[in-house]
Every structure is written in structure tokens, then in C-alpha cells.
Amino acid sequence: MKFGICVMANIDEIGFFTHAENLGYDSVWVTDSQMLFSDCYAVMALAAQQTRTLRIGTGTAICGTRIPPVQAAAIATINRLAPGRVMLGIATGNTAMRTMGQKPMRIKQYEEYLRVLSALLKGETVDYEFEGVTKPIKMLMHEYKYMNLEPSIPLYVSGFGPRAMTMAGRFGDGLVFAIPPRGIAPAEAMAHVRQGAAEAGRPMDGFVNCALTNIVLRRPGEDVASERIIRMIGPNVMASVYYFYDEVHEKGIEPPDFLKPVWKRYCALVQDTLPEYRHFRTHEFHYTYMHPGEGELIDEDLIRATCLVGTADELLEQIRQLETEGLQELMFATGVDEKWAFAQEFSENILSKL
């Protein structure tokens with residue numbers, strides 16, 4: 001199994017990529033959220049020049065903020081700097097869109113976006129509709145200067161539901177998905193991918209699945225909800241709360257069972273913000289910090305409901321089981337300052353033993 005880290009795009013922390021490379025990680029994925037973080041492609045360009053073996057990719061690039069030709073040109077430019085070490089993760093963009101008070105791209109638009117983007121990355125000519133006008137397009141300058149489409153750039157489609165997973169099979173070279181406790185087993189995810197590939201008549205040769213998760217490496221005798229763990233993983237846990245806050249209020253549904261014990265207390269915290277600014281409040285600290293009062297909501301049950309949790313030996317057992325079930329890549333998300341130390345601790349206790 002390959003291991004990666006998903007970091008918040010930070011132009012001031014390019015050294016982290018070298019840090020991860022030296023620790024034995026296969027990849028670092030860079031978030032794309034224009035209202036929160038540095039530009040992901042600027043960060044990746046600098047990282048490409050500072051590393052030699054590390055794979056670098058978007059984790060994940062957002063459809064709604066860049067048209068397919070712009071997305072293809074950006075990643076192909078990075079591929080010129082680090083040929084064969086680049087991948088493009090793509091998604092509808094919950095946080096990137098929500099920070100502007102907008103909803104993520106709808107699934108049908110996502111499918112059309114992937115159709116165009118996947119063709120452009122292959123150097124093909126494809127019909128593309130822009131502002132009501134449909135014309136054939138292709139990447140014109142990519143063979144000898146400016147940007148590279150070769151070596152090929154793997155397209156990882158983010159899919160957390162069955163339909164998006166089938167689209168990964170139809171258009172992608174990889175799938176980014178969520179494993180339990182908040183997702184599904186690798187075999188089930190890949191069944192949807194194979195369905196999509198079969199519908200499109202595409203072979204599955206070389207297709208890769210990659211899980212995005214939160215990891216708690218508990219030290220011997222340490223409580224799951226210790227102050228140290230909450231400080232490190234609390235922003236990740238709260239990201240799930242933010243996601244469901246939007247879902248519940250837009251769809252008029254009940255919160256999921258794992259959030260019901262804290263739901264009223266969290267909503268009371270949000271009520272202090274004027275309604276027209278609540279999309280700032282619920283997404284501005286994505287994976288990085290917590291607002292006052294949020295740390296008190298987090299207990300062992302909430303951590304276990306949103307993270308892989310265990311001592312080194314327990315995590316090794318869980319990861320080996322996931323590999324047996326068909327998982328090929330595992331990346332954990334982190335946006336806190338402690339990520340430097342955690343990356344090293346995980347490498348020493350997990351990577352070195354696998």
C-alpha cells in the first residue's frame with residue numbers, strides 16, 4: 001500500500017514536502033479552496049522543484065472554480081516541472097463553494113466536466129460548451145514546451161456516493177473515497193467503479209483507489225479524547241460537523257446519529273453569527289483551527305465516528321485489513337501545526353513496519 005498526506009495549501013510551508021519525502025511518504029496532496037488557502041498550483045510548482053521522488057497532486061481540485069481547459073493547463077504545467085510525479089484529484093468542491101455561500105457542483109454537471117477534462121488530459125479533441133457555444137477543443141501546445149501531457153497525468157475522481165464512484169470508472173484513472181467509519185469498504189467502492197468502467201467499455205488496467213481519512217495515533221495508555229489528540233484532530237472532526245450542518249438545514253433532514261449528542265450545542269454556537277454570514281462561520285477554519293466552544297463538543301465517540309483510531313499496533317492491524325480488502329492508497333488529512341511531528345511519528349510507527 002502507498003501512503004500520502006493531504007495538506008492545506010500553504011505557500012510558506014514548501015519544506016513540508018521535502019519533510020514528507022524524506023520520511024518515506026509516496027505522495028502529498030494539496031487542497032484547493034480559494035477563499036481559505038494559498039493557490040494549490042502555486043504551492044505544487046514550488047514543491048515540484050524542491051522534491052525528487054514524491055508524487056504531488058491536488059487533493060482535490062475544484063470543478064466549480066476552474067473550467068476544464070484551465071484545470072488541464074494548470075496540472076500539465078506542474079507535470080512539466082515534475083514529469084511522471086503528478087496526479088490530478090478532482091471534486092465538486094463542498095468547502096470551496098460553501099465559503100462563497102454557493103452549493104457544490106451538481107452530479108450531472110460533474111459528469112460533463114469529467115468527460116471534457118479526461119479527454120483534454122489524454123490530448124484528445126472534445127466538444128465543449130462554454131457560455132452557450134459548443135466547439136471542439138484540445139490542448140494545443142503540450143508536446144515540446146510550456147506544459148506536458150506526457151508522461152500521462154492520472155485523474156483521480158473524488159466519489160463519496162455510488163453515482164460519483166461509477167463516474168470514476170467511466171472517466172478516471174483512480175478513485176478518492178472515504179472508508180469506514182464514515183465511508184464504505186474498498187470492495188464495495190470498486191464494485192461501483194467497475195460498473196462505470198463496464199458501461200463506458202473501458203479496461204480497469206492500472207486503476208487505483210485511494211482513501212482519504214483522519215488518523216488518530218494513540219500513545220500507550222492515552223485517552224482517545226486526550227487534550228493532545230483533540231488539539232491535533234479536532235479540526236478534522238469538526239469538518240464533518242460543518243458538512244452536515246449544511247446538509248441538515250438545506251434538506252430539512254435529521255442529523256446523523258453520531259452527531260445527535262452534540263447537535264443542539266453546535267447549532268447554538270453558530271446562532272451567534274448573523275444568518276447571512278454563517279457560511280463564513282461554518283467553513284473558515286476548515287481542517288486548521290476550532291472556534292471557541294467546539295473542542296468541548298468532541299469526545300471519544302465523536303472521534304471514533306470520524307477517524308481511524310488506535311495505538312501503533314492497532315492501526316497496523318486496521319491498515320493491513322484494509323489492504324486485504326483491496327485498498328491501494330491511504331492518505332490522511334492534516335492542517336494543524338503539529339503535522340510535521342505527526343508525519344514523523346506516523347512514519348516511524350507505521351510506515352517503517354509495513
When T282 is run through (1) in the same structural domain as G174 (by TED's automatic domain parsing); (2) within 25 Å of the chain's Cα centre (by Cα), the failure sits at (1)
I need every pair where a residue in the stretch 332-347 that is among the charged types (D, E, K, R) has its Cβ under 8 Å from the Cβ of a residue that is assigned to a helix (DSSP H, G or I), sequence separation at least 6 or different chains. E338/R231; E338/M232; K339/F16
Is one or more of the residues making up the stretch 200-213 aromatic (F, W, Y) and not in a loop (DSSP other than H, G, I, E, B)? no
Tell me the residue from A76, A61 that is in a strand (DSSP E or B), crowded, with 22+ Cβ neighbours inside 10 Å and at pLDDT 95 or above, please. A61
When N214 is evaluated against the numbered criteria (1) out of contact with any Gly (no Cβ under 8 Å at 6 or more places or on another chain); (2) in the same structural domain as G335 (by TED's automatic domain parsing); (3) loosely packed, with under 14 Cβ neighbours inside 10 Å, which criterion, by number, is the only one it fails? (3)
Looking only at the stretch 295-342, count every residue that is farther than 21 Å from Y156 by Cβ and within 20 Å of the chain's Cα centre (by Cα) and tell me the total. 12
Filter the stretch 1-30 for residues that are of a type in the set (S, T, N, Q) and touching a Ser or Thr at 6+ places or on another chain (Cβ under 8 Å) and give the result. N10, T18
Considering residues of the stretch 183-211 that are touching a strand residue (DSSP E or B) at 6+ places or on another chain (Cβ under 6 Å) and β-branched (V, I, T) only, the residue surrounded by the most Cβ atoms within 10 Å (Cβ to Cβ): V193
Some residue of the stretch 265-288 being in contact with a Gly (Cβ under 9 Å, 6 or more places away or on another chain) and either within 18 Å of E222 (Cβ to Cβ) or small (G, A, S) (or both): yes
Any residue in the stretch 113-133 that is among the acidic types (D, E) sitting within a Cβ distance under 6 Å of a residue that is exposed (fewer than 15 other Cβ atoms within 10 Å of the Cβ) and modelled with pLDDT of 95 or more? List the pairs, counting only those 6 or more apart or interchain. D127/T134; D127/P136
Can you find a residue that is surrounded by fewer than 19 Cβ atoms within 10 Å (Cβ to Cβ) and either under 20 Å from the mean Cα position of the chain (by Cα) or part of a helix (DSSP H, G or I) (or both) anywhere in the stretch 113-120? yes
Restricting attention to the stretch 294-317, does a residue exist that is without any contact (Cβ under 8 Å) to a residue 40 or more places away in the chain and in a loop (DSSP other than H, G, I, E, B)? no
So is L149 within 19 Å of I90 (Cβ to Cβ) and either among the hydrophobic types (A, V, I, L, M, F, W, C) or crowded, with 20+ Cβ neighbours inside 10 Å (or both) or not? yes
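The values are calculated or read from the model by the stated rules, or taken from the named source; none is laboratory data. None of the values given here were measured: they were computed from a predicted structure. When we count neighbours, we look across all protein chains shown, and the Cβ atoms used for this are built from the backbone with ideal geometry, even at glycine.
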